[in-house]
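Engineer: Take this structure, written in structure tokens, and hold onto it; I'll ask about it next.
The values are calculated or read from the model by the stated rules, or taken from the named source; none is laboratory data. On a predicted model such as this, the values are computed, not experimentally measured, just so you know. Virtual Cβ from ideal backbone geometry, glycine too; neighbours counted across all protein chains shown. Calculation scope for accessible area: heavy atoms of the full protein, side chains included, ligands and nucleic acids excluded. Shrake-Rupley method; radii C 1.70, N 1.55, O 1.52, S 1.80 Å.
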There are 2 protein chains.
Amino acid sequence: MADEVILLDFWPSPFGVRARIALREKGVEFEYREENLREKSPLLLQMNPVHKKIPVLIHNGKPVCESMNVVQYIDEVWSDKNPLLPSDPYQRAQARFWVDFIDTKVYEPADKIWSTKGEVQEKAKKEYIEALKILESELGDKPYFEGDTFGFVDIAMTGYYMWFEASEKCGNFSIEPECPTLMASAKRCLQRDSVVNSVPDPEKIVEFAFKIRKIYCV
Amino acid sequence: MADEVILLDFWPSPFGVRARIALREKGVEFEYREENLREKSPLLLQMNPVHKKIPVLIHNGKPVCESMNVVQYIDEVWSDKNPLLPSDPYQRAQARFWVDFIDTKVYEPADKIWSTKGEVQEKAKKEYIEALKILESELGDKPYFEGDTFGFVDIAMTGYYMWFEASEKCGNFSIEPECPTLMASAKRCLQRDSVVNSVPDPEKIVEFAFKIRKIYCV
């Protein structure tokens, strides 16, 4: 029996895109279902009753929630192609460490850059650049976080890479002069087939960001 | 060559204890080094320069940080004894989901119960009980979160179980009437050899909690 794979998602989500990319890295056919986050579907509420958030991967009727948990699940189930996590336990622990760093230290300021203004936004921009610089230093001269291959940490960051232009425009600042190496890796990631097919047009994200910014920053 | 395993830890830490329990579940000999969090050791700052937090597991000179990442690393390296995560990818994803829930929805209110008073503390108590009730419902009639065996989610919760008495006394409330099944599982976990040998005397935690509470709630 063929696998039934459904992804409940929302197109500009930096979290949803992680699941899309992982599925495409593995060549898994899936049905994409766009959610309206203002009027969540009964299926989303049923499949993720605790957080009621996208993305949810529904694999043969069973839900997996939380984006990087979904990516890890995809890596473990479709383990025959393009491993996303390294096989060595120490390297795996390092990858999980950096993903956790991204989900705490990058997420919070990134979120505030589009949703706040004035001093709060200035502080968020500073914290965002600081976090990106730590990642730049971890990246070093490697093309991707895990070395020569695109993997777990790159997938976690790609959600932010696709928002870089929107963040810069909402915050009126530039990331590249501060983090040239990270930016080079971002461009490399954004050119991969799995990513090109998963990431929306940056202009549309900019437009979306300014639309929601109007609601948050009255 | 024998493994050199050092744990940088702090005795009342709900996070540090997770690493201690995991090491003892696996029967790994380790050197426990108590940190003074007001004057962190040069070794801690060198081994966890990003967060500068305990626990840090130093395995043959290489650091692993973030408590549940440490537990997962221990499970992967010493894989021949007492598996802590299930082998099935779906069950693993569920376990990781609940650990993430604990680290966000249990952690925040638990932290506020001892560090705040008045309305903020009342709100924290309400949120804490709500989160514990969700865990109670997930536990159902199983002895442990993963079923018949003590595992990943139980280890994550044991740090909070060992603080239950201190939380109740700081917040002047009772957990057992609200969550009898979770409390029964907590007592079961707290009786395990690996846990008995890792968890401090609850009276000492109560004393510690009131001492730091005095500093935070002047």
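Engineer: What residues from region B:79-104 fall in the zone where the backbone N is under 19 Å from a label point 7 Å along the Cα-to-C-beta line of B:ASP3?
Structural biologist: B:79-87
Engineer: Related question: Which shape class, rounded, prolate or oblate, goes with region A:152-218 when its Cα gyration tensor gives a ≥ b ≥ c as root eigenvalues, a/c under 1.5 marks rounded, and past that a/b bigger than b/c marks prolate?
Structural biologist: On the way: a/c = 2.43, a/b = 1.45, b/c = 1.68.
Because a/c hits 1.5 or more and a/b fails to exceed b/c, region A:152-218 counts as oblate.
Engineer: Sticking with this one: Using a simple charge model, +1 on the beta-carbon of Lys and Arg, -1 on the beta-carbon of Asp and Glu, nothing else, what dipole does region A:87-214 show about its Cα centre, in debye to the nearest 20?
Structural biologist: Charge dipole of region A:87-214: 420 debye, to the nearest 20.
Engineer: Separate question: Among the listed pairs A:LYS52/A:LYS125; A:LYS123/B:LYS105; A:LYS126/B:LYS123; B:LYS169/B:LYS204; A:LYS126/B:LYS214, which have their C-alpha atoms separated by more than 22 angstrom in this model?
Structural biologist: Details: A:LYS52/A:LYS125 29 Å; A:LYS123/B:LYS105 26 Å; A:LYS126/B:LYS123 31 Å; B:LYS169/B:LYS204 13 Å; A:LYS126/B:LYS214 33 Å.
Beyond 22 Å between Cα atoms: A:LYS52/A:LYS125; A:LYS123/B:LYS105; A:LYS126/B:LYS123; A:LYS126/B:LYS214.
Engineer: Report the A-B buried area as the accessible area lost on both sides summed, probe 1.4 Å, in Å² to the nearest 100.
Structural biologist: On the way: alone 11350 and 11360 Å², together 20540 Å².
Accessible area lost upon association: around 2200 Å².
Engineer: I would also like to ask the following. Under 17 Å Cα to Cα from B:LYS81, which lysines show up? Leave out anything in the same chain fewer than 8 places away.
Structural biologist: Result set, ordered by chain and number: B:LYS26.
Engineer: I'd like the distance separating the alpha-carbon centroids of region A:16-30 and region A:113-170, in whole Å.
Structural biologist: Region A:16-30 and region A:113-170 have Cα centres spaced 21 Å from each other.
Engineer: Right, next: Would you mind telling me which residue in B:LEU43, B:LEU182, B:LEU57 has the biggest mean-square fluctuation in a Gaussian network model of chain B, where springs connect alpha carbons within a distance under 10 angstrom?
Structural biologist: The residue that fluctuates most here is B:LEU43.
Engineer: I've got another one for you. Just how large is the dipole of region A:1-50 about the Cα centre, in debye to the nearest 20, putting +1 at every Lys and Arg Cβ and -1 at every Asp and Glu Cβ? Intermediate values should be presented prior to the final figure.
Structural biologist: Details: 7 positive and 9 negative charges, 46 e Å.
It comes to approximately 220 debye.
Engineer: With the Cα gyration tensor of region B:3-76 giving a ≥ b ≥ c as the square roots of its eigenvalues, does the rule (a/c under 1.5 for rounded; else a/b larger than b/c for prolate; else oblate) give rounded, prolate or oblate? Before the final figure, lay out each step's value.
Structural biologist: Working: a/c = 1.62, a/b = 1.42, b/c = 1.14.
The shape class here is prolate.
Engineer: Where in region A:63-147 are there trypsin sites (Lys or Arg not before Pro) that are in a DSSP coil and have at most 12 other Cβ atoms within 10 angstrom of their Cβ? List each step's numbers first, then the result.
Structural biologist: Working: sites: A:LYS81, A:ARG92, A:ARG96, A:LYS105, A:LYS112, A:LYS117, A:LYS123, A:LYS125, A:LYS126, A:LYS133; in loops: A:LYS81, A:LYS117.
Qualifying residues, ordered by number: A:LYS81.
Engineer: With the crude spin-label approximation of a point 7 Å out along Cα→Cβ, what separation in nm comes out for B:GLU165 versus B:LYS123?
Structural biologist: 3.1
Engineer: Taking the Cα centre of region A:14-96 as origin and charging only Cβ (+1 Lys, Arg; -1 Asp, Glu), how large is the dipole, in debye to the nearest 20? Spell out each step's value before the answer.
Structural biologist: Details: 13 positive and 11 negative charges, 51 e Å.
Value, rounded to 20: 240 debye.
Engineer: Specify which residue in the list A:VAL28, A:LEU7, B:GLN46 is farthest towards the positive end of the charge dipole of the protein assembly as shown, using unit charges on the beta carbon of Lys, Arg (+1) and Asp, Glu (-1), about the Cα centre.
Structural biologist: Checking the options against the dipole of the protein assembly as shown, the answer is B:GLN46.
Engineer: Still on this structure, please answer the following. Under the classification rounded if a/c is under 1.5, otherwise prolate if a/b is larger than b/c and oblate if not, where does chain B fall, given a ≥ b ≥ c as square roots of the Cα gyration tensor eigenvalues? Each step should come with its number before you reach the end.
Structural biologist: Values: a/c = 1.87, a/b = 1.17, b/c = 1.61.
The shape class here is oblate.
Engineer: Another one. Calculate, for A:GLU31 and A:ASN82, the FRET efficiency according to 1/(1 + (r/R0)^6) with r their C-beta to C-beta distance and R0 22 Å; round to the nearest 0.05. Could you put the intermediate results ahead of the total?
Structural biologist: Numbers: r = 21 Å, r/R0 = 0.96.
Step by step, r from the Cβ atoms, then E = 0.55.
Engineer: With a 1.4 Å probe and every protein chain left in place, work out the accessible area per residue of region B:10-141 in Å², rounded to a whole number. Walk me through the numbers before you get to the answer.
Structural biologist: Values: 6110 Å² over 132 residues.
That works out to 46 Å² per residue.
Engineer: What is the percent carbon and sulfur in the accessible area of region A:3-76, measuring with a 1.4 Å probe over the protein chains and ignoring ligands? The partial results should precede the final answer.
Structural biologist: Details: 1500 of 2980 Å².
Whole-percent figure for carbon plus sulfur exposure: 51.
Engineer: Let me check against my output: what whole-number percent is the relative contact order of region A:1-114, with C-alpha pairs under 8 Å and at least 6 apart? Kindly include the intermediate steps, with their values, before the conclusion.
Structural biologist: Numbers: 125 pairs, mean separation 29.7, N = 114.
Taking the mean separation of contacting Cα pairs over the length of region A:1-114, I get 26 percent.
Engineer: Among the helices of chain A (complete DSSP H runs), which have Cα atoms covering no less than 20 Å along the helix axis and a Kyte-Doolittle mean of at least 1.0? Present the calculation step by step, with values, prior to reporting the outcome.
Structural biologist: Values: long enough: A:118-139 (31 Å, -0.65); A:202-216 (21 Å, -0.07).
None pass (Cα extent of 20 Å or more, hydropathy at least 1.0).
Engineer: Take the Cα radius of gyration of the protein assembly as shown and divide it by 2.2 N^0.38 Å, with N its residue count; two decimals is plenty. It would help to have the intermediate numbers written out before the result.
Structural biologist: Values: Rg = 22.1 Å, N = 436, 2.2 N^0.38 = 22.2 Å.
That works out to 1.00 for the protein assembly as shown.
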